Structure formats: structure tokens, C-alpha cells
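Worksheet for the structure shown next.
The values are calculated or read from the model by the stated rules, or taken from the named source; none is laboratory data. Small disclaimer: the values here were computed from a predicted structure and weren't measured. Using ideal geometry, Cβ is built from the backbone for each residue, glycine included, and neighbour counts are taken over all protein chains shown.
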Amino acid sequence: MPKENTTMLSTGTKGAPRIKEIVAPDTAITVRPVKLSPQTKKVRVINLKKQRKTKPEQYAVATSREFSALMKVIEDKFEELSNNYDEKFKSLIGDIKKERRSIGRDFLSGTAEKARNFASQFSTQRIKEQISSIAMWATSTEVDEFGLDPIFTAKAKPLFDFLHDKWWRVETIGVNHIPSTGRALLVSNHSGGIPVDGAMIVTSIFKSHPAQRFTRPLVEDFAYYMPFINSFLTKTGSVRASQENAERLLERDQLVVVFPEGLKGIGKPFKYRYQLQRFGRGGYIKLAMRTRSPIVPVGVVGAEEAFPIIGRIDWLGKLVGAPYLPVTPFFPWLGPLGAIPLPTKWYIGYGEPVDMSKYGPDDVEDDILINRLSETIRDQIQEILKDLLKHRKSIFFG
Amino acid sequence: MPSGKQSRKQQKKTQKVVITGVNSFIGSNLSRRLANDPRYQLVIIDIKKPDFLEKGVKFYKIDITEPMIDGVIADILKKEAVDMVVHLAFLSSPIKNTTLSHELEVIGTLNMIHASSAIKLKKFILKSTTMAYGANATNPNFITEEHPLRADHGVAYLRDKMEVEHIVRRFSEKNPRTVVTVLRPCATLGPTIRNFLTSYLASPIILTILGFDPLYQFVHEEDVIDMFRVAVEGDYPGAFNIVGRGVLPFSTVLKLSGKIGIPAPYPIAYSIVSMMWSAGLLPVPPVFLNFLRYSWLADGAKAKKMMNFESRYTTKDTLESFMGTQRLRELRLVE
């Protein structure tokens, strides 16, 4: 019904005597003559023809549709002009060449060549292209609904590849547990003062999974709204951690990785390394139930030693919008250099997916069940961590 | 929702529509369209006579903020046997006279609601805005209509909008027979609309917040008018967001429109804007800077599902349509 209405509106099929009024754009818009270049005369003449004496109060009468119709005409005219401009310029250069040959003097040729090259840069089309290419560096004109910028991500990929391949030499185990199609919720441990484990999980799945799937990490509020970090995170595909966002992603059959430990995981002292903290309030279990998505437990080993936390300063962190400032053997003593994470050897293990399809949205209210399931997942991740740690001989060489 | 037969029957009879705020952007466009439609008979209640007045359109010069005016409006509604009220008498930009804005938005709505309660009204359509959700760090990326309105109470403009919604919601609870439609357009741009956002985006140098780059969505003015038209024609109780498809980061918005963004740290930007607002140089108070820090995107899925309405323009198309006119304005080719 409404669809019909909108089409009817746009064609304007009713009220025959009034159509004239709607179509005539000249009643409302004054077009002033402007001296730009000889070519713009065309625009001016066309519009002046249409222009009649109008009363000033008729400005308000212009409806948006009339205006849009006129806008399109003018825009097309401009397009035509700017296209013609280059051709005119070429023909002009051709004329100059001919003339030069006929005179037979070429001592000016070097200068003329330079001048011509210089002048050709001022062709409107080329200037537009150059300016836009500088301004739009590493920026797409279209992003997905959560702000993932494909061009920016492609530019940032070498950095992640370097960290993944060279710096931490990430080894991926059991990546085949991740489904090739459809939704899945990855649940991982969270560690390291600077939480880059999310980025490494994304890179490892993209690189080693046969389907090259892209995973969307959910980020804590404090990081999501930290100055500068927020736009980097959004453009590279991170999403603010909230039930609504996660549901929306999973309903679109995406891979989502969550860190139920949250801040407790990344801020824990070094002596508690690889000991899982409390898993929130089981929000991720409810999420999996509501969206009927399988849960894949993930264990990351190596991130704890990359940034070993021996203390934390809360008040200093508050200044930059973080909940605390981590203190490591090198940071903040060595300044920004100390913030570089150590090149430890990383292992990322993916466990067998836990089927959640037998639970429905009704089970969301069952707190005891949710707690039990959450504890099961937690145990599985702890098992993965134990196995990986047993497998590892050396912190830095694997 | 009525079945197809019923709605066709209703369409045969002419419906009387009261429009307030007819000199606003939506008011002028919607009333022109309805005046050209034989199915509707227009009754205009406004403080100022509109520039156009077609045949068969009745005009009552009434200030809806006056005390005791609700009885007068009720008499008019009764006399004219009105079916529908489209309440559009709102401000499109914040003003410094907060008393006036409160009188116009809240008391005006209250008077219209009182008058509407006095008769058996079929439909009440209200114009709100997605700004009423507020720009909060804890917003989900896409705010649905069920989400509470959590705009900053310290800003008169936003507080009034939330209060108006509250008044209308109470009215719809008390009068279950009346179809109450609340339409919440997001940031509206287009060739002819003028509001604080268009004047903000029209200046060549634009103040942004250092280190923040929220996602933005725009809806085209034509889509907003069409949505109001759809709401007038069918019965759709509840609140609906009107949004354009797709989102763009604010930095990309500036780049696409060829503007230069001047980033300032939030505290500095806050003091600059508050000084300029007090001096009357800026159309918005400093709290509006939150709309440049946090996302306040709305979800248009409900309108698509219930009204079968989807905006024709994407966010990018809308921006291009606005900026195209803006360029012509700068060249003084159009006014």
C-alpha cells in the first residue's frame, strides 16, 4: 500500500490542473547570471529563459521535489561542461602545435612544453581527481552498518600481518572447528595489558581458515570511546560490546568473538597468568541462546608474557579515558618504547563448537542453567590453555 | 491495522485533517500535497497565515500557546468534525529563549492533546526526532523505537522533545481508540530544508572533536515528507524512526563534502562553543557536542516491516543532494 503511494507521489498523477504548478520550477527559484567561463553561458541562458518576475515570498513555496528536479538539470549541465572542458583544451593544444610547426621556430618548445604540462594540470577534472585522491586516502565512500571501512582495513592489514607472522609468530590449532558458513560465537580468554588478542584472533582466522572468514571482535566501552583508538577500531571492524550489537551481527550470520572476562582479564597481575577470571554474568550464553548460534571456545597463549603487568595506576589511566594505566617491567619507565609488547611466541587454540540449538529464547530466564553452561565453557577454555601451555617449551621460541 | 477493504472504504470518504505548524518545512510540504489530494480536506491552525492557501483549505489564526486556548481548539475540532491531527508546531533548531521554546513545544502540545481528548479523534500524528534518544556512550549501534529516550536533561531543546513524547504517550494510553503515530526522523538534509545541521555543514570550516569519529546517518527531506504522507494514509500506531539507508563516519562526511574539519579537544571545543552560543554566533548549545562524540544511529527496520516504507535515498545520496545544492548556493546560482 504505502509503496504504491510513494510511486504515485513521485509521478504526480492526480489533480490534473495542478500538475502544471508542481512541474514548473521557475515559480520559486531565482537563477542569477554568473560570469565563470564562456561555457557557463549555456546554463545561464537556459535558466534565464525560464525565469519570470517572481515575488520574494514565493521562495517558501518551492517544494523539495521541484527543487530536486531543477537540481538534476543543473548538475547534468555542469557534468557536460566539465567533460567538454578537457576536450576543448586538447584541441587548443593541437592548434598551438600546428601554429608552431607552420612558423618553424622551436626555441620556445621546451618552455612551451613545460607551460603546457603545467596548464593541463589545471583542467577542472584533473584537479578534482587529485584533490579527492589525497583527501580520500585510505577512506571508502561506503562502510558497512557497523562502520567497517574496506579500504582502510586493507591498508592496515600489513601491520596485523607483520604482528601475526613476524612479531608473535602465531600458531593456530584447530581452526577447522570454526564453521565455514553461518553464525558462530567465539569465546576467548582476555590477556595482556594492551588487548591485541582480539586482533590476532581475527587475523589468524582470516589467514588460516579455508573460507577466509572475517570475525567481528566486541570491544569494551572504554576502548571503544578512547580518542583516536575508537575510529581505528570502528574502521577495522570492531564493534562496541552490547547485547543489541552482538545480536544484530549474529543474525546476519557473522563470526563474533567476545571476551567475557572483560577488564578483569586484561588487568590481572602477572602472577595470575592463564587463570581465567569470572565470566561476567553469562550474557554471552543468553546471546547464543537467543540467536541459536554455536559457541566456539578459544584459548590464546603468549599474550600474557607479551605485556606482563606488575602493577597498575588507576588515577593516571583516568586522565586518558582508560580505567587504569598498566605498569610493566618496561612501561612507563622506558616511555613509549616500553609500551612495545615483547615478541613472545603465541598459540591460538580453537575448541570444538558447543551446540546451542537445543536451547531456545525461553531458557534465557533460567539463571541456574546459564550459570552452569557458562562454567562449562569456562572449563573448556581453561583446558585449551592447559594443553597449549604443556605444548609450549619456551616463552619466546615456542 | 485495517484490512485492504476497510482502508479502501475509508479512502472514499474525505477526511478532515488538522495541521499545525504549517510554516515549518514538513508542514508546508505536507499541506501542499494534502491540499492537492481530493481525499483530504485541510484545516490549518497556525499563528501565521501560510504563503499559499489553496481553495477549500480553512485557516484559523490561533496561538496554541495561549492560556485557555485548548477549549477554543476543541470547539474548532468539534465544529469541523476533524478525523486527524498532524501536530508539527515544533522548533527545528534550539533557540536561546528557553521559555518561549518550552511554551511552544510542551504547552502547545499539551493544548492540542487536551483539545484532541475532548473529541473522538481517529488519528494523532506527532513529529519528534531521533535526537531524543540522546548521544550516549552506552547506546547500541542501532537504537530501536523501544529504547528509552535518554537525551541530556540539561538542554532545554532536548528536554522539551522528551517531554512532548511523554505527554503524547500518556494520551495514547488513555485513548486506545485513537491511532497515535510518533515519527522520529534522524538528521534531515536536502536541497530546501534549513535547520541547525544544514547551517553547521554549510560553513567551510567545521569544528570537530579531536580523536572522535562517530558514525552518522542522514535522511532525505523527500523521504521524511513521504513517510508523513504514508502515516496520514494508513493506520500505524506507535513510534517509528525515519532513517536513510547506510552509515558514514563523520570524517568521511566532511571529506565527501569538501569541508575542512578543525579538530579540538573536547574541553576546549566545549568552552569555544559555549562562548559562541552565549554570544549568539552558533545555533547550538555546547552539550550538542556529544552528538559529535558518540553514535546515535537509529534503526529503521520497524518502519520497513510495519509500514513497508524504506527511504529512497541512502545516507550518501542525501549528503550529495544537499552538498550539490550547497555548491550552487555558494556560486549564487540558486538561493
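Need a quick list: helices (runs of 4 or more DSSP H) entirely within the stretch B:90-206 having at least 1 residues that are among the aromatic types (F, W, Y) and under 15 Å from the mean Cα position of the chain (by Cα). Counting at least 1 such residues, we get B:156-174, B:196-202. Counted as qualifying within the stretch A:264-381 are the strands (runs of 3 or more DSSP E) with 3 or more residues that are aliphatic (A, V, I, L, M), surrounded by 16 or more Cβ atoms within 10 Å (Cβ to Cβ) and in contact with a His (Cβ under 9 Å, 6 or more places away or on another chain), namely A:295-301. Only one of B:L289, B:L254 is more than 8 Å from chain A (Cβ to nearest Cβ), over 30 Å from B:K123 (Cβ atoms) and surrounded by fewer than 21 Cβ atoms within 10 Å (Cβ to Cβ). Can you tell me which? After applying the criteria, what remains is B:L254. List every residue pair whose Cβ atoms lie under 8 Å apart, where the two residues are 6 or more positions apart in sequence or sit on different chains, the first residue falls within the stretch B:301-319 and is outside any helix (DSSP H, G or I), and the second residue, located anywhere, is of a type in the set (D, E). Correct list of pairs: B:F309/B:D226; B:S311/B:D223; B:R312/B:E222; B:R312/B:D223; B:R312/B:D226; B:Y313/B:E222; B:Y313/B:D223. Looking across the stretch B:257-286, the residues that are among the hydroxyl-bearing types (S, T, Y) and either under 20 Å from A:M226 (Cβ atoms) or surrounded by 19 or more Cβ atoms within 10 Å (Cβ to Cβ) (or both) come down to B:Y266, B:Y270. Condition check for A:D253 on (1) away from chain B (no Cβ under 14 Å); (2) modelled with pLDDT of 90 or more; (3) in contact with a helix residue (DSSP H, G or I) (Cβ under 9 Å, 6 or more places away or on another chain): one failure, at (3). The residue that is nearest to the other protein chains (Cβ to nearest Cβ), among those in the stretch B:272-286 that are in contact (Cβ under 8 Å) with a residue 12 or more places away in the chain and among the small types (G, A, S), is B:S274.
The residues of the stretch A:339-363 that are more than 21 Å from A:K386 (Cα to Cα) and over 29 Å from the mean Cα position of the chain (by Cα), listed by number, are A:D355, A:M356, A:S357, A:K358, A:Y359, A:G360, A:P361, A:D362, A:D363. Looking for something in contact with a Lys or Arg (Cβ under 9 Å, 6 or more places away or on another chain), charged (D, E, K, R) and in contact (Cβ under 8 Å) with a residue 24 or more places away in the chain - is there at least one such residue anywhere in the stretch A:308-328? No, the conditions are met nowhere in the stretch A:308-328. Among residues of the stretch B:210-226 that are at positive phi, those with a Cβ under 6 angstrom from a residue that is outside any helix (DSSP H, G or I), sequence gap 6+ or separate chain, pair up as B:G211/A:P227; B:G211/A:F228.
Output the number of residues of the stretch B:209-251 satisfying the condition of being of a type in the set (G, A, S) and not in a loop (DSSP other than H, G, I, E, B). Looking only at that region, the number is 4. The residue list B:N136, B:N141 contains one member that is modelled with pLDDT under 95, under 30 Å from A:G237 (Cβ atoms) and in contact with a Leu (Cβ under 8 Å, 6 or more places away or on another chain), which is B:N141. Does B:T188 satisfy being of a type in the set (V, I, T) and in contact with a Ser or Thr (Cβ under 7 Å, 6 or more places away or on another chain)? Considered against the rule, which asks whether it is of a type in the set (V, I, T) and in contact with a Ser or Thr (Cβ under 7 Å, 6 or more places away or on another chain), B:T188 comes out as no. Residues satisfying the criterion are absent from the stretch A:231-249 (criterion: in a helix (DSSP H, G or I), within 14 Å of another protein chain (Cβ to nearest Cβ) and at pLDDT below 90).
Total residues in the stretch A:127-169 satisfying the condition of being acidic (D, E) and buried (at least 16 other Cβ atoms within 10 Å of the Cβ): the figure is 2. Out of the stretch B:20-41, which residues are in contact with a helix residue (DSSP H, G or I) (Cβ under 7 Å, 6 or more places away or on another chain), farther than 14 Å from B:S92 by Cβ and at the interface with chain A (Cβ under 9 Å from one of its Cβ atoms)? If the condition is that a residue be in contact with a helix residue (DSSP H, G or I) (Cβ under 7 Å, 6 or more places away or on another chain), farther than 14 Å from B:S92 by Cβ and at the interface with chain A (Cβ under 9 Å from one of its Cβ atoms), then B:R33, B:N36 are the ones that fit. Taken together, A:P158, A:P179, A:P195 contain a single residue that is in the same structural domain as A:F331 (by TED's automatic domain parsing) and in contact with a Pro (Cβ under 8 Å, 6 or more places away or on another chain), which is A:P179. Filtering the stretch A:127-184 to residues that are in a loop (DSSP other than H, G, I, E, B), of a type in the set (A, V, I, L, M, F, W, C) and touching a helix residue (DSSP H, G or I) at 6+ places or on another chain (Cβ under 8 Å) leaves A:M136, A:A138, A:V143, A:F146, A:L148, A:W168, A:V170, A:I178. Taking every residue in the stretch B:192-203 that is within 14 Å of chain A (Cβ to nearest Cβ) and pairing it with any residue that is charged (D, E, K, R), at least 6 positions away or on another chain, the pairs with Cβ-Cβ distances below 8 Å are B:T192/B:E221; B:I193/B:E221.
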